[in-house]
Amino acid sequence: MKKAYAVLLIVVLSILGACSNNEETAAPEDKKNVKEEVIDKELEEAKAKFEVLGDIPVPADNTMTDEKIELGKKLYFDPRLSGNNVQSCMSCHAPGAGYGDGMAKFIGFEGFNGPRNSPTIINSGYYDENFWDGRAGSLEEQALGPIQSEVEMNQNLDELVIELNGVPTYVEEFNKVFNDKISADNIAKAIAAFERTIVIADTAFDRYLQGEEDAISADAKDGMKLFAGEAGCISCHAGPLLSDQNYHNLGMSGDDGRFAVTGNEEDKGKFRTSALRGVAHTSPYMHDGSLETLKDVVQYYNEGGGNHSNKSELMKPLNLTDREVDSLVGFLESLSGELPKAETPKIP
Ligand code: HEC
Ligand code: HEC
């Protein structure tokens, strides 16, 4: 009897053993499949939070024509626009420097040391408000700012109109393009039309959003997930432009930013959220040019930003690993696209 029980026990145990063995060999594959599905779902969810960047908006009273764009380009490159005929728009927004100047802060009229970084003009026509603090409502409005600014081009607009009237080619071209005389308004319109051609919209990331799965690397995809998830970048860098077009304080001191425009205490140290397409071309970064590389920028966020009594509550240490920091940089690079070309025109 005892022997029979023992045999039965062995049989039962071996069946159990076989079962558990089967489970063990089956388990890793099942787990792997489940994991891959989870990752894909996370990726798809992240991807769904982004939108491609459509065409640049064009104001109804400043339609784009080839001739207007060409005229605007000449003006953009023409040092006559400054009081001493030395600096043009190009001096601080040079095609070869990502349409910025590559310096932390600008150097203005007769060597003036500027307080802020020259931002890129790439995609600047997509913003509702221009400048780091949003004090201009359009590119047309913006263009006349630097021309007159004592510390930038220091040019009187009436004198500029007289000066350009002395150049027959300009008189002819303004007449052709606007059916009108040379005026400050028309100068601004032509320059703005040219600026609206300096666009980066067709990036690897945009192609990925449109279904080209391999357009960006696995690393950039990891970065995208972090951007839209754990790292919280999308709280501010949202929508097709990757900017909420709002103003935030990241903890940088020494410049009151948006406060100068609104006079509201709560706007102290706030700046407009930067759009990010093309960003790899436009170092150094931030309104004060204090961050040299994209890695420096991501590290700045990783540490929770700087110290300012008005710092956004969204700025918290992120505890990202080195690999995750690099993935975020990879993602930023994937939406950088190609630098638009602008050959120096013949100045009349
Ligand atoms: C001396 C350097 C300098 C010159 C010359 C200059 N800019 Fe700028 N530009 C800047 C700086 C600095 C800012 C940012 C100022 C701020 O936000 O307070 C800026 C801002 C801008 C912006 C806003 C971009 C945005 O993100 O909203 C545009 C557009 C622009 N400039 C176009 C021009 C045009 C057009 C000209 C010529 C008429 C010109 N600039 C001449 C330095 C310069
Ligand atoms: C609280 C809102 C907010 C969050 C969150 C945020 N940003 Fe920003 N970002 C901004 C603002 C505002 C600026 C411009 C700040 C300035 O110039 O001082 C900016 C600037 C940048 C710039 C520099 C652009 C340039 O041309 O100088 C990069 C790159 C950037 N952010 C990437 C990121 C990444 C990556 C994350 C997530 C780790 C992130 N941001 C999270 C608001 C935010």
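Some points to look at:
- For region 182-196, Karplus couplings with θ = phi - 60° (6.51, -1.76, 1.60), whole Hz, Gly/Pro x: 6, 8, 4, 4, 5, 4, 4, 5, 5, 4, 4, 4, 4, 4, 6
- Shape call, region 285-348: gyration tensor on alpha carbons, a/c limit 1.5: oblate
- In plain terms, the residue of Val86, Val279, Val171, Val298 with the fewest other Cβ atoms within 10 Å comes first and the most crowded comes last, giving Val86, Val171, Val279, Val298.
- Label zone of Asn113 (point 7 Å out along Cα→Cβ, amide N under 20 Å): in region 284-323 this covers 284-292.
- Tensor-based shape of region 85-215 (alpha-carbon gyration tensor, a/c under 1.5 rounded, otherwise prolate or oblate): oblate
- Gained length - Glu303 relative to Glu338, 0.36 nm times residue gap less alpha-carbon distance: 9.6 nm
- Near the amide H of Gly257, within less than 5 Å, lie the amide hydrogens of Gly269, all on another chain or at least 5 residues away, with H placed in the peptide plane.
- The mean sequence distance of close C-alpha pairs (under 8 Å, at least 6 residues apart), as a share of the length of region 204-334, puts its relative contact order at 30 percent.
- Alpha carbon centroid spacing (whole Å) that separates region 230-277 from region 127-204: 26
- Packing-based order for 255-267, 195-207, using average beta carbon neighbours within 10 Å, highest first: 195-207, 255-267
- Packing, taken as the mean count of other beta carbons within 10 Å per residue, orders the peptides 161-167, 188-194 from highest to lowest as 188-194, 161-167.
- Vicinal HN-Hα couplings computed from phi for region 157-166 (Karplus, 6.51 cos²θ - 1.76 cosθ + 1.60; Hz; Gly/Pro x): 5, 5, 5, 5, 4, 4, 4, 5, 5, x
- The chain, relative contact order in percent, only Cα pairs under 8 angstrom and at least six apart counted: 20
- Exposure proxy ranking, count of Cβ atoms within 10 Å, fewest first, for Tyr247, Tyr99, Tyr300: Tyr300, Tyr247, Tyr99
- Residues Met153, Met64, Met286, arranged from fewest to most other Cβ atoms within 10 angstrom of their Cβ, appear as Met64, Met286, Met153.
- The distance between label points at Arg135 and Glu266 comes to 2.3 nm (points 7 Å beyond Cα on the Cα→Cβ vector).
- Pairs from Lys49/Lys341; Lys41/Lys295; Lys73/Lys181; Lys73/Lys270 whose Cα-Cα separation, in the structure shown, is over 25 Å: Lys49/Lys341; Lys41/Lys295; Lys73/Lys270
- Extension gain for the segment Asn156 to Ser235, taken as residue separation times 0.36 nm less the Cα-Cα distance, is 24.2 nm to one decimal.
- Each peptide among 269-275, 102-108, 178-184, 73-79 gets the average number of other Cβ atoms lying within 10 Å of its residues, and from highest to lowest they stand as 269-275, 73-79, 102-108, 178-184.
- Gain in span if fully extended, Glu313 to Glu172, counting 0.36 nm per residue against the direct Cα distance: 45.2 nm
- Efficiency of FRET between Thr65 and Asp256 - r from beta-carbon atoms, R0 45 angstrom, step 0.05: 0.65
- Percentage relative contact order, region 41-189, counting C-alpha pairs under 8 Å, at least six apart: 19
Readers should treat all values here as calculations from the given coordinates under stated rules, not as data from a laboratory. Quick caveat: nothing in here was measured; it's all calculated off a predicted structure. Cβ coordinates were reconstructed from backbone atoms using ideal geometry, including for glycine residues, and neighbour counts include every protein chain displayed.
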